[in-house]
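Report on the structure given below.
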Amino acid sequence: MTINVLFAAREGSWPNYEAPLNAAFEDLGLKVDLARTHAPKDVDYIVYAPNAPLQDFTPFHRAKAVLNLWAGVDAIVRNPTLNLPLARMVDPGMTTSMTEWVAGHVMRYHLGIDRYVVNPNQNWAPHVPPLASERQIAILGMGALGSAVAEMLMRLGFHVTGWSRRPKDSSIPMHHGADGLRAALSCADMVVLLLPDTPATANTLNPETLAWLPKGAFVINPGRGPLIDDQALIAALDDGHIAGATLDVFRTEPLPQEHPFWAHPKVTVTPHVAAETRPITAARVIAENVRRGEAGEPFLHLVDRDSGY
Ligand code: NDP
């Protein structure tokens with residue numbers, strides 16, 4: 001029997017996903033009719049990006065799951081019309097992209113690259129940075145992305161500590177809970193935020209927790225905008241407690257022109273580019289979840305609607 005899969009994502013992403021998804025379904029021997037429109041009553045699975053026009057899931061009586069194309073589910077997890085299992089995206093291509101993006105921004109701060117990139121007075125002023133093994137980096141959020149980032153930074157020689165909601169067995173020194181946050185931040189030269197946006201993670205970096213960081217620390221946020229209290233970060237940058245911040249995600253995107261982050265000399269704004277979903281690798285994850293759904297096996301990467309991620 002043919003499985004009807006609705007592709008509900010922004011119009012422009014269809015050309016990138018159509019062929020990889022069809023190839024991945026075929027590889028698993030699944031007979032799928034993948035389309036941008038299906039009668040809701042006939043749909044078996046919804047491949048979904050939260051920026052799609054589809055917001056009302058009530059007509060999809062037969063559907064077995066919503067398969068999110070994004071890692072973050074903050075824009076769908078509280079949708080009251082959604083009563084289907086929701087799987088998020090854990091994509092090896094996206095994970096690699098995130099590790100590369102974080103590595104680049106960490107190395108920029110670690111090596112002090114800016115002093116040579118912008119040097120209008122042609123100042124010959126050698127600066128010897130410490131070795132990576134003399135730096136401590138805290139990763140807030142040790143899930144699919146945070147763990148991969150932590151391992152990569154350790155391979156580069158950095159000392160890494162992680163922070164998660166629950167205790168975790170890991171080769172990386174871990175902290176959890178409110179007390180653990182203070183322990184993770186208090187010795188960090190840099191902090192990388194890879195938490196989901198949930199009610200519990202809002203303003204994780206605020207006036208109090210920013211003050212726990214040592215003076216001169218750097219903040220790198222590819223997680224979600226609400227993880228940081230914007231005004232508190234600007235105050236900490238202005239008084240010199242925080243040396244710089246690289247921000248990929250914001251409370252409002254695109255970041256409004258009048259937002260002080262744009263003009264702040266210690267802030268680098270990147271336009272939510274840290275880790276795009278990569279169609280070829282992501283299509284295999286989607287196809288595997290359709291296969292599981294058809295076989296009555298548990299879906300991969302199911303979202304816990306109560307905790308919001
Ligand atoms: P995961 O769900 O795999 O990991 C989330 C981590 O955050 C887990 O370690 C979890 O702890 C921890 N966490 C959640 N709530 C809390 C809390 N209240 N206190 C402490 N720790 C908490 O997510 P991913 O690693 O796949 O993705 C992380 C986020 O990265 C996404 O939600 C998304 O917002 C962002 N992202 C950004 C992209 C970009 O381009 N900028 C691209 C992709 C993702 P525990 O292990 O105990 O559950």
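The values are calculated or read from the model by the stated rules, or taken from the named source; none is laboratory data. These numbers were taken from a predicted model, which means no experiment stands behind them. Cβ placement follows ideal geometry from the backbone for every residue including glycine, while neighbour counts extend to all protein chains displayed. Surface areas here come from the heavy atoms of the whole protein model, side chains and all, with no ligands, DNA or RNA. Shrake-Rupley method; radii C 1.70, N 1.55, O 1.52, S 1.80 Å.
Numerical summary
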read-out: Overall Cα dimensions of the chain, principal axis frame, Å, largest first; value: 69, 42, 37
read-out: Charge dipole magnitude, Cβ of K and R +1, D and E -1 - the chain, Cα centre, debye nearest 20; value: 280
read-out: Solvent-accessible area per residue for the chain (1.4 angstrom probe, square angstrom); value: 48
read-out: Space enclosed by the convex hull of the alpha-carbon atoms of segment 92-269, per residue, Å³; value: 127
read-out: Amide H contacts under 5 Å for Met174, placed H, 5+ residues apart; value: Gly162
read-out: GNM result for the chain, Cα springs below 10 Å: residue of Trp124, Trp262, Trp212 fluctuating most strongly; value: Trp124
read-out: Within a Gaussian network of the chain (alpha carbon springs, distance under 10 Å), most fluctuating of Leu181, Leu84, Leu67; value: Leu84
read-out: Choice from Ala24, Ala188, Ala178 showing the highest fluctuation, given a GNM over the chain with Cα pairs closer than 10 Å; value: Ala178
read-out: Rounded, prolate or oblate (a/c below 1.5 giving rounded, otherwise prolate when a/b exceeds b/c) for segment 252-309 by Cα gyration tensor; value: prolate
read-out: Rough spin-label spacing in nm, given labels placed 7 Å along Cα→Cβ, for Asp179 and Asn203; value: 2.4
read-out: At most 13 other Cβ within 10 Å, DSSP loop - trypsin sites (Lys or Arg not before Pro), segment 135-226; value: Lys215
read-out: Cut-off 14 Å between beta-carbons: net charge of the residues surrounding Leu156, Lys and Arg +1, Asp and Glu -1; value: -1
read-out: Apportionment of accessible area to carbon and sulfur, the chain, percent (1.4 Å); value: 55
read-out: Most to least packed among 92-101, 8-17, 125-134 [average Cβ atoms within 10 Å]; value: 92-101, 8-17, 125-134
read-out: Given charges at Cβ of Lys, Arg, Asp, Glu: segment 163-309 dipole, positive-most of Ala184, Pro207, Thr270; value: Ala184
read-out: Enclosed volume per residue, in Å³, of the convex hull spanned by Cα atoms of segment 43-119; value: 122
read-out: Using a Förster distance of 41 Å, the FRET efficiency for Leu28-Asn123 (Cβ separation, nearest 0.05); value: 0.10
